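Visitor: Dropping a structure here in structure tokens format, bear with me for questions.
The values are calculated or read from the model by the stated rules, or taken from the named source; none is laboratory data. This one's a predicted model, so the numbers in the text were calculated from it and none came from an experiment. Heads up, the Cβs are rebuilt from the backbone with ideal geometry, glycines too, and the neighbour counts pull from every protein chain shown.
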Amino acid sequence: MSQAARHRATFDEARLDPDVTRLVTRLARAGHEAYLVGGCVRDLLLGKAPKDFDVATSARPEDVRAIFRNSRIIGRRFRLVHVMFSNRKVIEVATFRRSPQGEAEQARDEDLLIRSDNAFGTVEEDARRRDFTINALFYDVEDGTILDFCGGMPDIERRAVRTIGEPVTRFLEDPVRLLRAVKFAAKLDLGIDPDVVDAMLATRDQLRLAAKPRLFEEILRLMRGGASRRAMFLAWETGLLHVLLPELAVLLDDVGDDAAPATRVFRLLGELDHRTHQLAAPLDDVILFTVLLFEPLLEACEGEGDRVAAAMEFCQPILERLAVPRRVADGVRRIVALTPKLLSGRSAKARESEHYQAALTVLELHLAARRDKKALARLQGREPLPPARQTLSSGVRGVRPSAPLAWTCPSLPRISRFAPRSVISWAPRCRRTSPRRPPSTATSRCTRSWSGTACCSRRAGSRPAGPSSTAAPA
Ligand code: ATP
Ligand code: MG
């Protein structure tokens, strides 16, 4: 058993939720170890507002249940306790767990993929089973210190995402962590440790082994946090996108001027992020997923007689590959069908559709990304329709940016491609069958500046060269 480093917390305690503080104190008074843990501690240390507060404790679920009458045990395989407060607040209390990959268990396992994760453990074991060092910090409410078993505090200071333990092993255990690395780097504006980037390149194909619903959920999380542009850039640059959504990745490979597909996609994502920040809340999943696929969908429809059918055919393998829930899949199809009607002004009937608002939002973002103020004004009913009917093809694809690009990614033309050929061929219906430049091999070492040492050693507050998570196009 190693000793944890103790650090004085650098955030203001007033930023803690008083209900959570009381909850942890009550557990401690009942003789249990209890800490705030995970995303909330990380976010507070990085100066961000935590999404929610999670508590980890030595108390077993039934002990927690006995202390808090307003609680219930949830989960069958691994039991957690939800403690309910007024105004529908729920705080999750988890008993310390250990990694299932103990020596005996590992010997029985052919591979490293974790299939169950439900053995109780100590606080240190609980820290070590977590994914990244910045997610394994425990805040002790009683004395205001941070308990650090894995070197998370130095990583917070250098603003780096680093796995706990050997990165290849950790990604093989659970490939969804690959996407989590991208998510944290994008939404918190962190660098990724160079060894971790190398491990991501080496293990990205393993994403196919992960449960499809988890992959889909993680993709949505990349889209929700107001940093979708940076997230998709990182996912593309590390080749994860070539595994998950080759249809989109090959568009991003096509870099160039203002009208280049990569520019169009990143500008659309920038508009989405801008809207997310304005609303201070994520948009609906149907909108998020349609926006993500919108540019490839337009390309798939190009020159097709029945554009809606072409779009459906294009979507089908994606929907299957990611086990997209029916609500989202239906939503994408409906929006695609509504798009020409909205653009041509034949929207009287379309207004009755339950997806009308979602379709309108997607088109607003799209036209804003294309800097087509006139079409945007027409769509929003602020300007009369043109005499000729617009179609998905003439209306949307014909639009050219009227203003110079406010944002171009400086590293786009420079960086190397990471998509292995096998990945590209995994997308049978992808129109573009190969990127314009030959992909590098899967084992290539990372040489890019943003994710290399330069990025990880940069001081807090400075930015890497990729698309920024917060700035929106003008
Ligand atoms: P967010 O703010 O996006 O919710 P989070 O860090 O709270 O970030 P969660 O998915 O809510 O992320 O997970 C809570 C904690 O559980 C994480 O901080 C991490 O310590 C641990 N965790 C989550 N997923 C994994 C995983 N796949 N492998 C190991 N640990 C994980
Ligand atoms: Mg969380």
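Visitor: Does Leu252 satisfy the criteria of being in contact with a helix residue (DSSP H, G or I) (Cβ under 7 Å, 6 or more places away or on another chain) and without any contact (Cβ under 8 Å) to a residue 24 or more places away in the chain?
Guide: It is true that Leu252 is in contact with a helix residue (DSSP H, G or I) (Cβ under 7 Å, 6 or more places away or on another chain) and without any contact (Cβ under 8 Å) to a residue 24 or more places away in the chain.
Visitor: From Arg214, Arg159, which residue is within 14 Å of ligand 1 (Cβ to nearest atom) and either free of Cβ contacts under 8 Å to residues at least 40 places away in the same chain or basic (Lys, Arg) (or both)?
Guide: Selected residue: Arg214, the only one of Arg214, Arg159 that is within 14 Å of ligand 1 (Cβ to nearest atom) and either free of Cβ contacts under 8 Å to residues at least 40 places away in the same chain or basic (Lys, Arg) (or both).
Visitor: When both residues are 6+ apart or on different chains and their Cβ atoms are under 7 Å apart, which pairs have a first residue that lies in region 29-50 and is at positive phi, and a second that is crowded, with 18+ Cβ neighbours inside 10 Å?
Guide: Partner pairs satisfying both residue conditions: Gly38/Asp54; Gly38/Asn135.
Visitor: Right, here's the next one. Within region 186-210, work out how many residues are touching a helix residue (DSSP H, G or I) at 6+ places or on another chain (Cβ under 6 Å) and within 12 Å of ligand 1 (Cβ to nearest atom).
Guide: Residues that pass the stated criteria total 2.
Visitor: Among the helices (runs of 4 or more DSSP H) confined wholly to region 194-307, which include 2 or more residues that are at pLDDT below 95 and over 21 Å from Phe184 (Cα atoms)?
Guide: Hits in region 194-307: 246-253, 261-279, 285-301.
Visitor: Which condition does Pro18 not pass, out of (1) away from ligand 2 (no atom under 16 Å from the Cβ); (2) closer than 24 Å to Asp148 by Cα; (3) in contact (Cβ under 8 Å) with a residue 12 or more places away in the chain, if it passes all the others?
Guide: (3)
Visitor: Please tell me if Ile67 is more than 17 Å from Ile146 (Cα to Cα) and within 16 Å of ligand 2 (Cβ to nearest atom).
Guide: It is false that Ile67 is more than 17 Å from Ile146 (Cα to Cα) and within 16 Å of ligand 2 (Cβ to nearest atom).
Visitor: Okay, moving on. Would you point out the residue of region 217-264, among those that are within 15 Å of ligand 1 (Cβ to nearest atom) and among the acidic types (Asp, Glu), that is surrounded by the fewest Cβ atoms within 10 Å (Cβ to Cβ)?
Guide: Glu217
Visitor: For region 348-366, what are the residues that are under 18 Å from Arg307 (Cβ atoms) and buried (at least 18 other Cβ atoms within 10 Å of the Cβ)?
Guide: Ala350, His355, Ala359, Val362, Leu363, His366
Visitor: Tell me yes or no: at least one residue of region 9-23 is away from ligand 1 (no atom under 13 Å from the Cβ), assigned by TED's automatic domain parsing to the domain that holds Ala136, touching a strand residue (DSSP E or B) at 6+ places or on another chain (Cβ under 8 Å) and more than 24 Å from Ala281 (Cα to Cα).
Guide: Among the residues of region 9-23, at least one is away from ligand 1 (no atom under 13 Å from the Cβ), assigned by TED's automatic domain parsing to the domain that holds Ala136, touching a strand residue (DSSP E or B) at 6+ places or on another chain (Cβ under 8 Å) and more than 24 Å from Ala281 (Cα to Cα), which makes the answer yes.
Visitor: On the basis of being assigned by TED's automatic domain parsing to the domain that holds Asp143, among the charged types (D, E, K, R) and either in a strand (DSSP E or B) or farther than 19 Å from Thr133 by Cβ (or both), does Asp63 make the cut?
Guide: Criteria met by Asp63.
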